[in-house]
């Protein structure tokens with residue numbers, strides 16, 4: 001299940017650049033930005049075409065429309081872009097919350113069916129830690145500040161990456177759910193104990209070793225993803241601790257530096273989450289010996 005906004009656009013993007021693009025787009029599409037230039041150009045063209053006014057006058061009318069539209073854009077964007085960015089973040093927070101609830105519930109059910117107890121626990125841990133982190137930050141920074149939205153958005157990206165990891169774990173475990181690793185090991189050992197092995201026996205051993213290799217490498221990747229999530233949980237704890245220091249008057253750091261530390265922790269976790277996993281060790285060769 002991909003966590004994609006209902007409008008079908010790209011996955012939720014809480015970056016400041018995305019918020020600025022959204023603010024710019026909304027201001028540009030505002031009627032007072034679009035209509036004055038359009039009406040001015042159309043009026044100037046019509047009056048000039050029928051000779052009602054001279055060319056310089058027509059150009060003046062068109063320029064006037066452009067100026068009005070540009071002035072509105074400048075006033076709205078340069079003077080109030082934070083308002084539009086807040087609207088953008090607020091919409092994403094709402095969409096994320098809905099998707100998180102739906103995806104977390106499904107992941108908890110799927111992980112339970114597949115016997116992944118650690119994954120089940122992580123679903124609950126992320127929900128609790130994220131909720132606590134937001135409550136901590138709400139106590140030290142006003143929700144009306146753009147900083148609050150940026151911080152929450154970054155924390156949500158960490159949360160999302162971790163849920164994506166759990167989603168991948170479900171997919172991988174489904175793929176090996178019908179493999180009985182213990183039985184495969186016994187069958188391999190039994191075939192190898194035969195005094196004389198036929199070509200069919202050798203093919204069976206090779207096929208069984210391949211199945212065992214798939215199972216073992218998949219389990220290794222599952223463990224790696226669970227470990228990444230443990231790192232993410234620790235990162236949320238550290239980010240919360242950094243946020244608490246915003247009110248520490250004895251700190252050697254300024255509030256801006258402390259906040260920057262918290263954001264860096266979260267952004268570094270996001271960067272690690274986006275890295276590809278190191279290829280799992282294939283155990284096929286080891287099993288042959």
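The values are calculated or read from the model by the stated rules, or taken from the named source; none is laboratory data. Since the structure is predicted, the reported quantities are computational estimates derived from the model, not experimental observations. Ideal geometry is used to build each Cβ from the backbone, glycine not excepted, and the neighbour counts take in all protein chains shown.
Checking the condition at pLDDT below 95 and not in a helix (DSSP H, G or I), which residue from 86, 144 passes?
Step by step, each of 86, 144 is checked, and only 144 is at pLDDT below 95 and not in a helix (DSSP H, G or I).
Considering only helices (runs of 4 or more DSSP H) fully contained in segment 187-289, which possess at least 3 residues that are more than 30 Å from residue 147 (Cβ to Cβ) and at pLDDT below 80?
By residue number, 284-287.
Before we move on, is residue 156 surrounded by fewer than 17 Cβ atoms within 10 Å (Cβ to Cβ), part of a helix (DSSP H, G or I), in the same structural domain as residue 123 (by TED's automatic domain parsing) and under 33 Å from the mean Cα position of the chain (by Cα)?
In short, no.
For segment 107-121, does any single residue satisfy the condition of being buried (at least 20 other Cβ atoms within 10 Å of the Cβ), under 24 Å from residue 260 (Cα atoms) and within 17 Å of the chain's Cα centre (by Cα)?
Among the residues of segment 107-121, not one is buried (at least 20 other Cβ atoms within 10 Å of the Cβ), under 24 Å from residue 260 (Cα atoms) and within 17 Å of the chain's Cα centre (by Cα), which makes the answer no.
Do the conditions hold for residue 245, that is, is it under 30 Å from residue 92 (Cα atoms) and without any contact (Cβ under 8 Å) to a residue 24 or more places away in the chain?
yes
Give me the pairs, please: first residue somewhere in segment 86-115 and not assigned by TED's automatic domain parsing to the domain that holds residue 157, second residue anywhere and surrounded by fewer than 17 Cβ atoms within 10 Å (Cβ to Cβ), beta-carbon distance under 6 Å, and either six or more positions apart or on two chains.
Taking only residues 6 or more apart or on different chains, the pairs are 95/5; 103/1.
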